[in-house]
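In what follows, a single structure is set out as structure tokens and then discussed.
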Amino acid sequence: MSGWTKKRFWQDATVVQTASGFTVHLDGKALKTPAKADFIVPKRLLAAAVATEWQAQGDIVKPDEMPVTRTVNSALDKVGPAHSQVADLVADYAEFDLICYRADTPQALIDLQAEAWDPLVTWSAQALLAPLNVSYGLMPVVQPAESLVWLRRHVHAVSAFQLAALHDLVALSGSLVIGLAAAQNHLKIEKLWALSRVDESWQAEQWGDDETAIVEASIKQDAFYCAHKFFDLC
């Protein structure tokens, strides 16, 4: 959103259908992306979410309060022109997926990780056709080549708008499987976020909460939820 004025200059944000999709007008003037591309989205609900963000702004524009707008800009200006490269970047998470790297001690943490992540490993094998290997301790694990191919296909199959959201789901959770589970609504988003935070929750129980860590986790959680909402809107 660099270059945007910080002062509100419009009264009404409205959704307008175009020949290629939907856009948002501010007092009749069509939105543009930061790269000056046409701000066109594929779904009316997605455009409506953008219009709601703009309408909710006060006298001073706060871009941090417009995550849907920000993700659309990213999809149009960055992800779309480099879809294959971004998809490869996201798919690469399969090679070091969070749910495949387990502790080898203490037993309580081993059991906790197994309870949380084993069902996701099973789901990956069944729903994504991608069985995954699990490692304990510090040893790296090599994933089956065919599984990596299938996971890469799932990522490359999504649109630029979906990929922009999937990127955030995967990067924030540290897991391609969790990101794809969120995209496919396999589990409730609150549950999936909790599953991505098993290690952090364990550490907090052992050593207590850290205020900085709590704030950072809250910001990431909000972003994770926003990415899931965006994917659904697509």
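Only one entry of A82, A108, A114 meets the criterion of being within 20 Å of K191 (Cβ to Cβ) and surrounded by fewer than 17 Cβ atoms within 10 Å (Cβ to Cβ), and that entry is A114. Residues in segment 25-63 that are of a type in the set (V, I, T), surrounded by 13 or more Cβ atoms within 10 Å (Cβ to Cβ) and more than 16 Å from D77 (Cβ to Cβ): T52, V61. So which residues in segment 11-24 are touching a Lys or Arg at 6+ places or on another chain (Cβ under 8 Å) and loosely packed, with under 15 Cβ neighbours inside 10 Å, if there are any at all? Within segment 11-24, Q17 is the sole residue that qualifies. Give me the residue from segment 120-140 that is modelled with pLDDT of 95 or more and assigned to a loop (DSSP other than H, G, I, E, B) and, out of that set, surrounded by the fewest Cβ atoms within 10 Å (Cβ to Cβ). My answer is N133. On inspection, H154 does not qualify as outside any helix (DSSP H, G or I), at pLDDT 95 or above and closer than 17 Å to T122 by Cβ. Can you confirm whether A51 is more than 18 Å from the chain's Cα centre (by Cα) and more than 28 Å from A19 (Cα to Cα)? Spelling it out, it is not the case that A51 is more than 18 Å from the chain's Cα centre (by Cα) and more than 28 Å from A19 (Cα to Cα).
Quickly run through segment 18-31 and pick out the residues that are outside any loop (DSSP other than H, G, I, E, B) and more than 24 Å from the chain's Cα centre (by Cα). Within segment 18-31, T18, H25, L26, K29, A30 meet the criteria. Mind checking whether some residue in segment 223-234 is touching a residue at least 12 places away in the same chain (Cβ under 8 Å), assigned to a helix (DSSP H, G or I), crowded, with 17+ Cβ neighbours inside 10 Å and touching a strand residue (DSSP E or B) at 6+ places or on another chain (Cβ under 9 Å)? Within segment 223-234 (the criterion being touching a residue at least 12 places away in the same chain (Cβ under 8 Å), assigned to a helix (DSSP H, G or I), crowded, with 17+ Cβ neighbours inside 10 Å and touching a strand residue (DSSP E or B) at 6+ places or on another chain (Cβ under 9 Å)), the answer is yes, since at least one residue qualifies.
The values are calculated or read from the model by the stated rules, or taken from the named source; none is laboratory data. Keep in mind it's a predicted model, so treat the numbers as computed, not measured. All Cβ positions, glycine included, derive from the backbone under ideal geometry; neighbour counts span all protein chains shown.
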